[in-house]
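Engineer: Just passing along the structure, written as structure tokens.
The values are calculated or read from the model by the stated rules, or taken from the named source; none is laboratory data. This one's a predicted model, so the numbers in the text were calculated from it and none came from an experiment. Every residue, glycine as well, gets a Cβ built from its backbone with ideal geometry; the counts of neighbours run over all protein chains shown.
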Amino acid sequence: MILTVTPNPSLDRTYEVHALERGEVIRAETERTDPGGKGVNVSRAVAAAGRRTVAVLPLGGAAGALVAELLDAQGIEVAPVAIAGTTRSNIALAEVDGVLTKINAPGPELLPAEQELLLDTVRAQSPGAGWIACCGSLPRGLAPSWYADLVVRAHAAGVRIALDTSGRALLEALRARPDVVKPNAAELAEAVGRPLATVGDAVKAAEELRGMGARAVLASLGADGQLLVDGAGTWFGSARVDDVRSNVGAGDSSLAGFLVAGGSGPEALASAVAHGAAAVRLPGSVMPTPADLDPAAVTVTDDIPMDRELTEPVS
Ligand SMILES: O=P(O)(O)OC[C@@]1(O)O[C@H](CO)[C@@H](O)[C@@H]1O
């Protein structure tokens, strides 16, 4: 079973528009509403892969009720923590040329009793979990060390932990030695305080994160592919995608792919790349099923193209 923890979930509204024009009324061509938040998406992708998952998340207000209803309709097992505040709604504007603009709300503040209940719920759900995936931003009320504490508790319970967060929450958690962290290029650059222009820059940054405590780093480099750096070696995986529809949740789909394939080594990286590539072809944050995957299009190598320039360098 893969347990996910999403401290700041969301109702994700995606509008497909022809093109964004600032200051104008834009008529959307399509709209869709998905239950969101990074851990929620990991659970949706794990379930789509046919594996058992439980999603722990605080939920409140009308948006929270709708998130619960949408997850129920998708057959996702949820361990909810009722909160006084209202779950946030995040907006994605997807233009036909593939450019996506996202507006993420801060979300509710978790009261001290709700913070306790969230930890208690994770503890209660942990027995039987092979992995805990802790994902996304921390809502107001949770200290930047919250994920670090969770890593310590998970390890004390003998459960491996995958972490997808950024900024101070990531830096603090590294010291607790998470089993895998999954930064994107921007998060990787922020964590090491340097720009990333090449695949080699990303490899060095990932190695530095290992030096700071991460046991393995699964870094997603957008259209350029993904890197896995762990104690056994470094691998680079990629898959060409020509028909990008929405990259919302593609990183979450990748992490789910990595975990359902065992959570370590080049085969898990290949699964991560296949899941990420399939997710960007689907609308909104729809998660791929095995039928959407094209494993034959994925290449994984330990011959890292260090000098290759990133299509989207981070300055
Ligand atoms: O604000 P956070 O927690 O960093 O990210 C939240 C979010 O952008 O992440 C998911 C995509 O990865 C979406 O479902 C959700 O809206």
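Engineer: I'm checking my understanding of the structure. Among residues of region 176-187 that are free of Cβ contacts under 8 Å to residues at least 60 places away in the same chain and not small (Gly, Ala, Ser), which one is farthest from GLY251 (Cα to Cα)?
Structural biologist: ARG177
Engineer: To continue, here is another question. Output the residue which, of all residues in region 88-134 that are in a loop (DSSP other than H, G, I, E, B) and in contact with a Lys or Arg (Cβ under 6 Å, 6 or more places away or on another chain), is farthest from PHE258 (Cα to Cα).
Structural biologist: GLU109
Engineer: Just to be sure, is VAL244 assigned to a loop (DSSP other than H, G, I, E, B) and crowded, with 18+ Cβ neighbours inside 10 Å?
Structural biologist: In short, no.
Engineer: So LEU218 ticks every box in (1) within 16 Å of the ligand (Cβ to nearest atom); (2) among the aliphatic types (A, V, I, L, M); (3) touching a residue at least 60 places away in the same chain (Cβ under 8 Å) but one. Which box is left unticked?
Structural biologist: Checking LEU218 against (1) within 16 Å of the ligand (Cβ to nearest atom); (2) among the aliphatic types (A, V, I, L, M); (3) touching a residue at least 60 places away in the same chain (Cβ under 8 Å), the one that fails is (3).
Engineer: Let me ask something else about it. Name the single residue, out of those in region 57-73 being in contact with a strand residue (DSSP E or B) (Cβ under 6 Å, 6 or more places away or on another chain) and assigned to a strand (DSSP E or B), that is nearest to VAL122 (Cα to Cα).
Structural biologist: Checking each candidate, the answer is PRO58.
Engineer: Any residue in region 276-297 that is more than 28 Å from LEU93 (Cβ to Cβ) sitting within a Cβ distance under 9 Å of a residue that is within 15 Å of the ligand (Cβ to nearest atom)? List the pairs, counting only those 6 or more apart or interchain.
Structural biologist: Once the first residue is more than 28 Å from LEU93 (Cβ to Cβ) and sits in region 276-297, its partners that are within 15 Å of the ligand (Cβ to nearest atom) give PRO290/ALA48.
Residue-by-condition table, conditions (1) basic (Lys, Arg); (2) within 19 Å of ILE161 (Cβ to Cβ); (3) part of a helix (DSSP H, G or I); (4) out of contact with any helix residue (DSSP H, G or I) (no Cβ under 6 Å at 6 or more places or on another chain):
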{"residue": "GLU208", "(1), (2), (3), (4)": "no, no, yes, no"}
{"residue": "GLY213", "(1), (2), (3), (4)": "no, yes, no, no"}
{"residue": "ALA219", "(1), (2), (3), (4)": "no, yes, no, no"}
{"residue": "SER238", "(1), (2), (3), (4)": "no, no, no, yes"}
{"residue": "ASP252", "(1), (2), (3), (4)": "no, yes, yes, no"}
{"residue": "ALA256", "(1), (2), (3), (4)": "no, yes, yes, no"}
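Table: residues versus (1) within 18 Å of VAL46 (Cα to Cα); (2) surrounded by fewer than 22 Cβ atoms within 10 Å (Cβ to Cβ); (3) at pLDDT 95 or above.
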residue: LYS182; (1), (2), (3): yes, no, yes
residue: GLU190; (1), (2), (3): no, yes, yes
residue: GLY200; (1), (2), (3): no, yes, yes
residue: SER285; (1), (2), (3): yes, no, no
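Engineer: Given the options ARG140, ARG168, ARG153, name the one that is touching a residue at least 12 places away in the same chain (Cβ under 8 Å) and more than 16 Å from the ligand (Cβ to nearest atom).
Structural biologist: Going through ARG140, ARG168, ARG153 in turn, the sole match is ARG153.
Engineer: Could you look through region 156-165, keep only residues that are assigned to a loop (DSSP other than H, G, I, E, B) and away from the ligand (no atom under 15 Å from the Cβ), and pick out the one that is surrounded by the fewest Cβ atoms within 10 Å (Cβ to Cβ)?
Structural biologist: Filtering region 156-165 for residues that are assigned to a loop (DSSP other than H, G, I, E, B) and away from the ligand (no atom under 15 Å from the Cβ), the one surrounded by the fewest Cβ atoms within 10 Å (Cβ to Cβ) comes out as GLY158.
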